[in-house]
Amino acid sequence: MGFYVGIDLGTTNSAIAGTTGGGDLRIFRSADGTDVLPSVLYVDKRGHRLYGQRAYQQAMLSPENVAAGFKRLMGTNTPIDLQGAGLSLTAEECSSDILKVLVGQAYTETGTSEVSGTVVTIPAAFNQMQSEATLRAARAAGLESVALLQEPVAAAMASISQSRTPGGQFLVYDLGGGTFDLALVQSLSGSVSILAHEGINMLGGRDFDRILVNNVVRPWLLEHFDLPDDFQANPKYRRIIRVAGLAVEKTKIALSAQERETIFASDDEVRVTDASGQDIHLDIPIDRTTYERLIADKLDETIALCHKILKDSGYRSDDIDRVVFIGGPSKTPAVRERVSRELGVPADLTVDPMTAVALGAAIYAESRDWNGGATSRKTTRSSTALGTALELRLDHPARVSANKARVRIKVSTPGVTGCVILIESQTGWSTERMPLSDGMSIDLRTDDMGVNTFRVTVFDRSGRPLPEASGTFEITRTHSSAAAIPATQTLAVKVLDSTAGDRNLLEVLIAKGTPLPASGSKAFRAARTIRAGDGGHIDLELFQQAPGVSAPELNLPVGVFRIASEDLAENAIIRTGDQIVFHWQMNDSGLLRATVELPSAGQTFDTPKYYVDQAGHRSFEGTDGARMAESALQNAQEELEKAQTVVGAGAVQTIDGLAGRLAEQRRSLTLADDADAKRAIAEEGRHIRQDIARLLDQPENRARLLEHELGEIKGLFNRVARDTVDFRTNERFDQLARTATQELARSTDKALESTEKILGELKRLTSQTLWQDPMFIVAQFRLIAEERHLAIDKELFGQQVRDGLAAIERDDMPTVRRIFFEIVENQVNLGSAVRGAGDLASIMRS
Ligand code: ADP
Ligand code: MG
C-alpha cells in the first residue's frame, strides 16, 4: 500500500504529515508533542546538537550557538557561523538536519521506516538553485524517493481535500515568521497551478514581535526603570531585548486565543540591573485590541497586495472561491476576519494554518506513482474483465476523491436477455438488482477513504448466480484528486543573435505552464570553433527568464553546461556552425537533467559533470555582499536615468514608481545586516531593471530608444575613438550614422529595424576600435581590477590581476585583453552591460 510523507520545511517552523493511502492522513508530532518543529539548530561547545523548541529557546539567549532562518540562504554558499561551537555550516546542511529530525518523528510514531515517497515543499518564488539545494538536503537526510512541491499548491490541495467543490480559484494567504507570500491558485480538471504569486520580504511574525518590543516593552521599561533612552544600543542591556523578544512572542500567540495576556519575564530570566542597581523584570498587561491596532498598518499592506494580485490577473473577488490562510500569524483573529471581509471572499476555516502545507504535501505524495526519483500521475482509470462464458468488462475509475463513482458495463457476448446484475460494497451498501445490458452505467458509493472493494454478481434468467460472470473490483478513494503540476518558470538558453550586430538573446527551452514531467531535444549550432586541447570551450548557459525580458543579463543565471576542449576526444574539433543537440528532461519537481550531444564529434556529455552552479550560487556576506548589492542598485539607477530621458510623458508615473522602489532599496541597504537581506536587495535591483526593460520595449518607446542609443554611440566614438582611428574608419562610421539618422526619421517598422541593424554595426565598429587602443585596454583593466567583490573565485581573481598588471608592464596588450575577459568570466552576473566580445554566447539558433 505504501507510506507517503509530506514535509513543510519552513523558515521558522517545519511540519511532517503522512498517509498510508487510506483515511489515516495525519501530522507526526515533535518529541515535545507539538505539531510543528521550530527550524532551529543549537550546537554546544562539545558539538552536541539540539533541535526544535529547545534550540529555539537558546536562539534568543545564546545566538552564537544557534542556526535559525537558514532557509533564506538555501542555494547560496553563505556559511552559517556557529561561533560558540567553532563550527560553520551551510544552509543545506542545517536543512538536512531538520529533515532528519522530522522523518525521525514519522518513524517513531508509525514504527516503520519504509517510506514509499516523500514530498518536500518549497516557496513559489524558489529558483532552480534553491530547489536543487532543497533536494540535495533531502538526499543527505537519507530520503530516497523525493519530489518537491510549491507551498501554495500544497495548501490548496489540503483545502480541496476538505471541500465538496474541487475546482476553482483560491487565494493562498501565507503570513509566516519573516515573509508574507501570496498566491492565486487555480484547480482545474485535475491540475493545480499557480496563476500568480507576490510577496513582501520583510513582513511576518517577527516584525510583529519587534513592533511589540518597540511600542510596548520599551516605553514600559523606560517608565519603570532607570535606563538611558538608547539602552537598546548598549551591549550591557542587550539581554533585556532578547528576553523581551521571547516574552512578547509568547504573549502574541496567547492573544490569538484569548482577549488579554501579560508580557512577562521574571528578574531571574532577565538577569540585568538598571543604572540604580534595581533588578529588571517585565510585567506588562496587554489586550488583543491593542495588539491588533499595532499591526493594522502591516495588515493593510497585505490586503493591498491581495487587491493588486487580483487586479493584475484580471480577477474579481467573485471569481475567488475562498482564501486559504497559512502561517502562524494568520491565526490572529483580526487577520482572517479583516482580510476576508475587505476582499469580500470567504475564508476557508477547515484547514489549520500551521499544518496545511505538510498535509497537502502528503496528499500529493500519495497521489503519485513513485518509481525511483521520478514520479508521475497515478493511473486514474481501470478496467476489470469478468467471465468467459458471459464476457463482461467493467470500466471504472481507479481513484476518486469524491464519495461516488460511476461504472460502465460492456457485454461482448450475446444472449444476456433476462440476466440481472447486482453490485455490493464491503461496507454493506448495494445496488438493486438491475437488468443487464451492454453499455449500461451504474452509480456506486465510495464511502471509505482508501480502498473500496465491490462485488459483482450476475444472475441468469432463472435467478441463479453465474459464478464465471461474477467477481470483485476496487476503487481507491483519495483525499484529493491526483493533480498535475505545470512548470513554474520559463527556462531559456543564451544564444548569439547576429541579425542586428552581435548580441545575446534568450531562446526558450521550457515555457512556464508546460505540464510536467516533460522532455525534449533542441538543436543549436556552435558560434565558435574549438579543438581538443586548445583551451577553448562552448557553453550552454541556462537562465530563468522573466516574462517579456529577453536580455540574458537581466535574468537569473541558473547553470551552465560546458563543453571544454579537454573533454573532446583526441583530435576532435567543433567548427562554427556544427550542430549541438541539447536533450533535456524536467521531472515533476521542476528539476532539470540534460545531456549534450555533438553529432559531428560523435560524443555525448551527461549532466552531472557539466552542470555548474555558478554565479547565482554566491554569498552576499560582509562588505563584499554590500558592495555587490550596491553595484546591482547602481546598475538599476543608470538604466532608470536612461529610461527617464527616453520615455514620453505618458510613462512619468511608471518612472516615478520605479524611482520610489529604488530609493526604498537604497534605504534598506543602509539597514541590511545579514547576507540574506543584501541578496534580496540585489534581486530587487534586478526586478526593477526587468521592469525598465519591459517599459523600454513597448512599441511607442522604440524609436526614442534607438535615437537615444544612436546619440550615445556617436558621443562615445567621438570621445574615445575618433582621434585614434584612420580616416577610412571615421568615414565609415559617419556614413553609417547618417544612414541610421535618415532611417530613424522615416520611422516605419521596417526603417526602425534597419536602424537597429546599423546601430549594431556602429557598436561593433566602436568596440573593435576601442579594444585595439592600449590606453582603453589598460583603463578597462584597472577598473575591473577593483572589482574583487564581484569575483566568484577570489584566489583566481588575485592571480588574474597580478598576471594582467605584469602584462601591462611589458606592454603586452593582447594578453591584458585576454585576461580582462577571463576576469569577466570569473564574475558574478549582476547584469552589467555587455563588456565586449568576450561575453558573447558561444552557441546560436539552429
Ligand atoms: P514559517 O512559514 O516562516 O516557517 P510559521 O508559519 O510557522 O513560519 O509562522 C511563524 C510565526 O508565527 C512566528 O512569528 C510565531 O510567533 C507566529 N505564530 C505562531 N503561532 C501563532 C499564533 N497562534 N498566533 C499568532 N502568531 C503565531
Ligand atoms: Mg511556512
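Residues checked against (1) closer than 18 Å to Leu294 by Cβ; (2) modelled with pLDDT of 95 or more:
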| position | (1), (2) |
| --- | --- |
| Leu184 | no, no |
| Ser193 | no, no |
| Ala196 | no, no |
| Ile200 | yes, no |
| Gly204 | yes, no |
| Ile211 | yes, no |
| Asn215 | yes, no |
| Leu221 | yes, yes |
| Asp229 | no, no |
Residues within the range 154-177 that are within 16 Å of ligand 1 (Cβ to nearest atom) and within 16 Å of Val5 (Cα to Cα), tallied: 3
Number of positions in the range 28-52 that are away from ligand 2 (no atom under 16 Å from the Cβ), without any contact (Cβ under 8 Å) to a residue 60 or more places away in the chain and under 15 Å from Gly104 (Cβ atoms): 6
Subset of the range 186-211 [of a type in the set (S, T, N, Q) and away from ligand 2 (no atom under 16 Å from the Cβ)]: Gln186, Ser187, Ser189, Ser191, Ser193
Residue within the range 805-826 that is polar (S, T, N, Q) and touching a residue at least 60 places away in the same chain (Cβ under 8 Å) present: no
Leading residue by the ranking (surrounded by the most Cβ atoms within 10 Å (Cβ to Cβ)) among those in the range 686-706 that are within 27 Å of the chain's Cα centre (by Cα) and farther than 15 Å from Lys642 by Cβ: Arg686
For Ala85: the one exception among (1) buried (at least 20 other Cβ atoms within 10 Å of the Cβ); (2) away from ligand 2 (no atom under 16 Å from the Cβ); (3) under 29 Å from the mean Cα position of the chain (by Cα): (3)
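Please state which one of Thr355, Thr332, Thr375 is of a type in the set (Val, Ile, Thr) and at pLDDT below 90.
Working: Thr355 fails: at pLDDT below 90; Thr332 fails: at pLDDT below 90.
Among Thr355, Thr332, Thr375, only Thr375 is of a type in the set (Val, Ile, Thr) and at pLDDT below 90.
To keep it simple, each residue is scored yes or no on (1) surrounded by 19 or more Cβ atoms within 10 Å (Cβ to Cβ); (2) more than 23 Å from the chain's Cα centre (by Cα); (3) at pLDDT 85 or above; (4) not aliphatic (A, V, I, L, M).
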{"site": "Ala632", "(1), (2), (3), (4)": "yes, no, yes, no"}
{"site": "Gln653", "(1), (2), (3), (4)": "no, yes, yes, yes"}
{"site": "Ser668", "(1), (2), (3), (4)": "no, no, no, yes"}
{"site": "Asp676", "(1), (2), (3), (4)": "yes, no, no, yes"}
{"site": "Ala682", "(1), (2), (3), (4)": "yes, no, yes, no"}
Residue selected from the range 717-726 under the condition modelled with pLDDT under 90 and among the hydrophobic types (A, V, I, L, M, F, W, C), by the criterion nearest to Leu762 (Cα to Cα): Ala721
Wholly enclosed strands (runs of 3 or more DSSP E) of the range 441-544 bearing at least 1 residues closer than 26 Å to Glu391 by Cβ: 441-445, 450-459, 471-477
Conditions (1) away from ligand 1 (no atom under 14 Å from the Cβ); (2) surrounded by 21 or more Cβ atoms within 10 Å (Cβ to Cβ); number of the one not met by Ser14: (1)
Given (1) of a type outside the set (A, V, I, L, M, F, W, C); (2) at negative phi; (3) exposed (fewer than 13 other Cβ atoms within 10 Å of the Cβ); (4) not in a strand (DSSP E or B), number of the condition Asp283 does not satisfy: (4)
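Filter the range 234-246 down to the residues that are assigned to a helix (DSSP H, G or I), over 13 Å from Asn214 (Cα atoms) and out of contact with any strand residue (DSSP E or B) (no Cβ under 7 Å at 6 or more places or on another chain) and list them by number.
Within the range 234-246, Pro235, Lys236, Tyr237, Arg238, Arg239, Leu246 meet the criteria.
If the requirement is being surrounded by 20 or more Cβ atoms within 10 Å (Cβ to Cβ), more than 15 Å from ligand 1 (Cβ to nearest atom) and either outside any helix (DSSP H, G or I) or modelled with pLDDT of 95 or more (or both), which of these qualifies: Val323, Val339?
Working: Val339 fails: more than 15 Å from ligand 1 (Cβ to nearest atom).
After ruling out the rest, the residue left standing is Val323.
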Residue match in the range 613-627 (condition: in contact with a Leu (Cβ under 7 Å, 6 or more places away or on another chain), among the acidic types (Asp, Glu), at pLDDT 80 or above and over 25 Å from Ile510 (Cα atoms)): no
The range 171-202: number of residues that are farther than 24 Å from Ala546 by Cα and either in a helix (DSSP H, G or I) or of a type in the set (A, V, I, L, M, F, W, C) (or both): 2
Only listed residue being within 15 Å of ligand 2 (Cβ to nearest atom) and assigned to a helix (DSSP H, G or I), chosen from Ala154, Ala133: Ala154
Filtered residue count, the range 545-564, keeping only those that are at pLDDT 85 or above, surrounded by fewer than 20 Cβ atoms within 10 Å (Cβ to Cβ) and not in a loop (DSSP other than H, G, I, E, B): 0
Residue in the range 349-363 that is within 23 Å of the chain's Cα centre (by Cα), within 16 Å of ligand 1 (Cβ to nearest atom) and without any contact (Cβ under 8 Å) to a residue 60 or more places away in the chain present: yes
Checking Leu25 against (1) away from ligand 2 (no atom under 16 Å from the Cβ); (2) out of contact with any strand residue (DSSP E or B) (no Cβ under 7 Å at 6 or more places or on another chain), the condition it does not meet: (2)
The lone exception for Thr748 - which of (1) closer than 21 Å to Asp839 by Cα; (2) out of contact with any helix residue (DSSP H, G or I) (no Cβ under 8 Å at 6 or more places or on another chain); (3) of a type in the set (Val, Ile, Thr) it fails: (1)
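Looking at Glu743, Glu731, which one is surrounded by fewer than 20 Cβ atoms within 10 Å (Cβ to Cβ) and part of a helix (DSSP H, G or I)?
Details: Glu743 fails: surrounded by fewer than 20 Cβ atoms within 10 Å (Cβ to Cβ).
Result of the check over Glu743, Glu731: Glu731.
Can you go through Gly142, Gly168, Gly176 and tell me which one is at pLDDT 85 or above, touching a helix residue (DSSP H, G or I) at 6+ places or on another chain (Cβ under 8 Å) and at positive phi? Break it down stepwise before answering.
Numbers: Gly168 fails: touching a helix residue (DSSP H, G or I) at 6+ places or on another chain (Cβ under 8 Å); Gly176 fails: at positive phi.
Exactly one of Gly142, Gly168, Gly176 is at pLDDT 85 or above, touching a helix residue (DSSP H, G or I) at 6+ places or on another chain (Cβ under 8 Å) and at positive phi, namely Gly142.
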In the range 615-670, the residues that are in contact with a Lys or Arg (Cβ under 8 Å, 6 or more places away or on another chain) and among the small types (Gly, Ala, Ser): Gly625, Ala626, Ala629, Ala632, Ala636, Gly648
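The values are calculated or read from the model by the stated rules, or taken from the named source; none is laboratory data. Just so you know, these numbers come straight off a predicted model, no measurement behind them. A quick note on method: Cβ atoms are made from the backbone with ideal geometry, for glycine too, and the neighbour counts reach across all protein chains shown.
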